[in-house]
Each structure stands twice: as structure tokens, then as C-alpha cells.
Amino acid sequence: MRSATIGLACVIGLVCAVSAGAQTPDRPAPSRAALVEVARSIIEASRYCAVITVDSTGRPQARTIDAFAPDEAMVVWFATNPKSRKVAEIKRDPRVTLYYFDPKSMGYVSLVGHARLVDDPVEKQKRWKAGWEAFWPDRDKSFLLVEVTPERLELVSSQHAIEGDPVTWEPRIVSFPQ
């Protein structure tokens, strides 16, 4: 319960910081490249993220994952058990969100996109991490890769003076080509 209270306090603090330091007409909006650079720094600092899928009843389901850093196109990969709920949910509806939060910088990134399940042996070998043997002892059958291709990125970072709209709190958004 204590960690939930601390997490809620961080989110409330982020919202307050966002509304207190809103973008103004005399401060130009950051470039797309600058927004992506800040997003990468938040992702790196976050260490873990939540993957949010949609279950069969339409309810969002969030789980903590240890994703790879995004590539140059902001595509993110992670590994999972092929028998997990998230795999069944991605098969049913590939729309996902990856949510990263860095309490130190009071910043967050939501990467909204589509997931693709990848069971290619070459790709699995390429992305295998030392230490995963404990989770997936049979790397041929016990793990699956998930590739998340972004459609958009949402970003707020008080530390970098990237705040949301002062009225609606809408975050900065970067769209990705399809």
C-alpha cells in the first residue's frame, strides 16, 4: 500500500508540475528531434516499463517488463512467455502502450503502437540476454519476442521544461509514420 501511495504522490506531483510550468507563447515548442531525445533519456532512466494490453472484456491490463532500449525508429522489443496472458491479448488485439516513468526527472513517456509476436530463431538468438536462462531454460520453446512499433509518443518532463497544455494537460505528442 505504501508504494501505491508513493506512486500516486509522484503522479500528483507530476500533474502539478505540468500545470505550473506550462509552455508559453514566448517559449518556442521543442523540435521533434528534441522531444525524441528527451523521451529516450526518460526511457533509459526508467529501467523498467509497463506494457498495457487489452483483455477479452476490453479492460486494460498492465504488467512490468524489462524491455530493450528503443532502436533508431523508436521500435521497442521485449521477451515474454508464449503462454502468457499478454501474448493471448496481443493475438486478439495488437494495440499496446508502453509506459515509462522516471520519478527523478518527474517525466513520463507513453509509447502507443502495435505489437507483433516474433518466434524467429535468428531474431531470438540475436536478442538473447545473458541471465535469461533462469526465466526461459528452453530458449527454443519457452520464450517469444514482442516487437512494438510506435504510432505516437506522448511525453512530459518537468526537468526538461516539456510540459503539457496548461488547460487540458495534454502531453507533447510525436507521431510516427505508418
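The values are calculated or read from the model by the stated rules, or taken from the named source; none is laboratory data. If you're wondering where the values come from, they're calculated on a predicted model, not measured in any experiment. We place every Cβ from the backbone using ideal geometry, glycine too, and count neighbours over all the protein chains shown.
Any residue at all in the range 112-128 that is part of a loop (DSSP other than H, G, I, E, B) and under 18 Å from Ala50 (Cβ atoms)? Before you say what the answer is, go through the steps one by one.
The first filter runs over the range 112-128 and keeps only residues part of a loop (DSSP other than H, G, I, E, B), leaving 119-120, 128.
With the extra rule that they be under 18 Å from Ala50 (Cβ atoms), the set shrinks to none.
Within the range 112-128, none of the residues are part of a loop (DSSP other than H, G, I, E, B) and under 18 Å from Ala50 (Cβ atoms).
Looking at Ser175, Ser157, can you tell me which residue is within 17 Å of the chain's Cα centre (by Cα) and surrounded by fewer than 15 Cβ atoms within 10 Å (Cβ to Cβ)?
Values: Ser157 fails: surrounded by fewer than 15 Cβ atoms within 10 Å (Cβ to Cβ).
Just a single option satisfies the conditions, and that option is Ser175.
Looking only at the range 134-176, which residues are hydrophobic (A, V, I, L, M, F, W, C), assigned to a strand (DSSP E or B) and either under 30 Å from Val122 (Cβ atoms) or touching a Gly at 6+ places or on another chain (Cβ under 9 Å) (or both)? First the steps, then the outcome.
In the first step, residues of the range 134-176 are kept if they are hydrophobic (A, V, I, L, M, F, W, C); the result is 134-136, 143-146, 148, 153, 155-156, 161-162, 167, 169, 173-174, 176.
Imposing the further condition that a residue be assigned to a strand (DSSP E or B) reduces the set to 144-146, 148, 153, 155-156, 162, 173-174.
Correct list: Leu144, Leu145, Val146, Val148, Leu153, Leu155, Val156, Ile162.
May I ask you to list the residues in the range 91-111 that are more than 18 Å from Asp55 (Cβ to Cβ) and out of contact with any Cys (no Cβ under 9 Å at 6 or more places or on another chain)?
Asp102, Lys104, Ser105, Gly107, Tyr108, Ser110
Scan the range 39-84 for residues that are of a type in the set (Lys, Arg), at pLDDT 95 or above and within 26 Å of Asp120 (Cα to Cα) and report the count.
Pass one, the range 39-84, residues of a type in the set (Lys, Arg): 40, 47, 59, 63, 83.
Filter again for at pLDDT 95 or above, leaving 40, 59, 63.
Filter once more, so that each one left must be within 26 Å of Asp120 (Cα to Cα): 63.
Number satisfying all stated conditions: 1.
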